[in-house]
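Here is the structure we will look at.
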Amino acid sequence: MQNALLQTRKDSKTMATTSSASPPLSALCSPAITIVDQNNASTISTVHQDIIETHIFTRLDGPTLASASCASTHLHALASQENLWTDICHSTWPSTTSSRVRHVISNFHNGPRSFFSDAFPLTIEPVSFGNSSENPPDLPTEIISAVDIYYKKEQIFSKVVETETVSAWFKCSPFRVDLLDPKEAVSTRIPNSDKDDTCRDLEEDMELSWIIIDPIGKRAMNLSSQRPVNVHRHWLSGEVQVKFASVVGGGGIGAATELVQCGVVVTCGGSAKGEMHVREVSLQLEDMDGMYLNGRESLVMLRRGLAGKRRRGKKRESERKKEVEEFLERKRERKERKMRREGTLDTLCVAFGVSAFASSLLFLLFR
């Protein structure tokens, strides 16, 4: 009996000790608690769509909004609202607020969303139409240039230019799009200095977007590297030339138009107030022989780029700068090969001339 009482006391002490200690980990993860947590968990679908559209999506940029639309069908439907993409296009490229550009964008397949998908990527995989001497189908009858320039994230220049492409004069003349008249200048807040600091600041802080739009084909592409690929000061005039560039391919292998550089030059000059003025903004297309393309040839290359696929990527600026460096290297190698061929041809011509002279001389001596 005493043994039984002692065993009962030990059991009661053990129970008391167990009850006062912390519960085991398995007890915290009981099915009942798990069910309560799952029932209390909220998802994005429980948030009112007005809050998502007004307070969340309006704070996102284009790439982030596109990524969010892939999360669910609910978010995809909300992120496809035309007004969201219209605001994003206007904030990214103020030149798109032009009435003509707004009308053209509204005719795209998915409106401003399709336009942003075309114009935002900087890397393009052009299509090929075979022989570069042949006219590809559906050449643009008109191109629209929507250009925006920023310095330290502040807009300093924005303009839209329409260019007709059907006249014989355009097709035969060197292709060049000028946004400013020869005597026109745009004032900026860029400080002017004769030191190299100005070139370094422009290289680091200037950004440019040049969007080519085909209003009939309803396609667009961005020809700019966004950041400068080269900045230098002219030794005579003192003007600073900032160059942006991109490379479009698709020409025949080994041809001069296998790769074509689309170069945008922004020329800035000093003013009496100590600030710089933008005096020239121009676009030209250059092949690997260093020759500028005429209107028809330029249309062929632009059409290839407009119809090409866009490659997505985070390192867009570095990729485009790498493409420009590759173009310059290919251009240098092509020039060296041409010089070697010309040198060999010159040697053969000299040798032939010497042989002919010697033969003539021997003929006269032994006549």
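The values are calculated or read from the model by the stated rules, or taken from the named source; none is laboratory data. This structure is a prediction, so every number in the text was calculated from the model and none was measured. As a convention, Cβ positions derive from the backbone with ideal geometry for all residues, glycine included, and neighbour counts pool all protein chains shown. For the accessible areas, the whole protein counts, side chains as well, though only heavy atoms, and no ligand, DNA or RNA atoms are used. Shrake-Rupley method; radii C 1.70, N 1.55, O 1.52, S 1.80 Å.
Residue by residue, here is whether (1) at pLDDT 80 or above; (2) closer than 23 Å to Asp118 by Cα; (3) touching a Ser or Thr at 6+ places or on another chain (Cβ under 7 Å) holds:
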site	(1), (2), (3)
Thr46	no, no, no
Thr54	no, no, no
Gly62	yes, yes, yes
Leu65	yes, yes, no
Cys70	yes, yes, no
Asn83	yes, yes, no
Thr92	yes, yes, no
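Listed here are the residues, each with its yes/no results for (1) closer than 28 Å to Thr97 by Cβ; (2) in a loop (DSSP other than H, G, I, E, B); (3) in the same structural domain as Ser318 (by the TED database).
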position: Ala146; (1), (2), (3): yes, no, yes
position: Tyr150; (1), (2), (3): yes, no, yes
position: Asp181; (1), (2), (3): yes, yes, yes
position: Cys199; (1), (2), (3): no, no, yes
position: Ala220; (1), (2), (3): yes, no, yes
position: His232; (1), (2), (3): no, no, yes
position: Ser237; (1), (2), (3): no, yes, yes
position: Gln241; (1), (2), (3): no, no, yes
position: Val247; (1), (2), (3): no, no, yes
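Listed here are the residues, each with its yes/no results for (1) more than 15 Å from Ile212 (Cβ to Cβ); (2) at pLDDT 85 or above; (3) in a helix (DSSP H, G or I); (4) not assigned by the TED database to the domain that holds Thr165.
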position	(1), (2), (3), (4)
Met276	yes, yes, no, no
Glu280	yes, yes, no, no
Met301	no, yes, yes, no
Gly313	yes, no, no, no
Lys321	yes, no, yes, no
Glu326	yes, yes, yes, no
On the given criteria, is Ala79 open to solvent by less than 50 Å² (accessible area, probe 1.4 Å), among the hydrophobic types (A, V, I, L, M, F, W, C) and under 13 Å from Arg219 (Cα atoms)?
no
Read through the list (1) closer than 20 Å to Ile144 by Cα; (2) of a type in the set (Gly, Ala, Ser); (3) open to solvent by less than 40 Å² (accessible area, probe 1.4 Å), then give the number of the only condition that Ser69 fails.
(1)
Looking only at the range 179-203, how many residues end up being under 24 Å from the mean Cα position of the chain (by Cα) and either farther than 14 Å from Val240 by Cα or hydroxyl-bearing (Ser, Thr, Tyr) (or both)?
2
Suppose the filter is touching a residue at least 24 places away in the same chain (Cβ under 8 Å), open to solvent by less than 20 Å² (accessible area, probe 1.4 Å) and in the same structural domain as Cys268 (by the TED database); does Thr141 pass it?
no
Single match in Val231, Val265, Val186, Val242 (criterion: open to solvent by less than 20 Å² (accessible area, probe 1.4 Å) and closer than 27 Å to Ala119 by Cβ):
Val242
Using the structure shown, decide if Arg296 is at pLDDT below 95, assigned to a strand (DSSP E or B), open to solvent by 10 Å² or more (accessible area, probe 1.4 Å) and in the same structural domain as Val166 (by the TED database).
no
Within the group Ser224, Ser167, Ser158, which residue is open to solvent by less than 80 Å² (accessible area, probe 1.4 Å), among the hydroxyl-bearing types (Ser, Thr, Tyr) and without any contact (Cβ under 8 Å) to a residue 24 or more places away in the chain?
Ser167
Can you find, within the range 256-274, the residue that is nearest to Asp178 (Cα to Cα) among those that are out of contact with any Ser or Thr (no Cβ under 6 Å at 6 or more places or on another chain) and assigned to a loop (DSSP other than H, G, I, E, B)?
Ser271
What are the pairs with Cβ atoms under 6 angstrom where one residue, in the range 92-114, is basic (Lys, Arg) and the other, located anywhere, is surrounded by 14 or more Cβ atoms within 10 Å (Cβ to Cβ)? Sequence gap at least six, or different chains.
Arg113/Trp85
Residue check: is Leu306 touching a residue at least 24 places away in the same chain (Cβ under 8 Å), within 29 Å of Lys218 (Cα to Cα) and open to solvent by less than 20 Å² (accessible area, probe 1.4 Å)?
yes
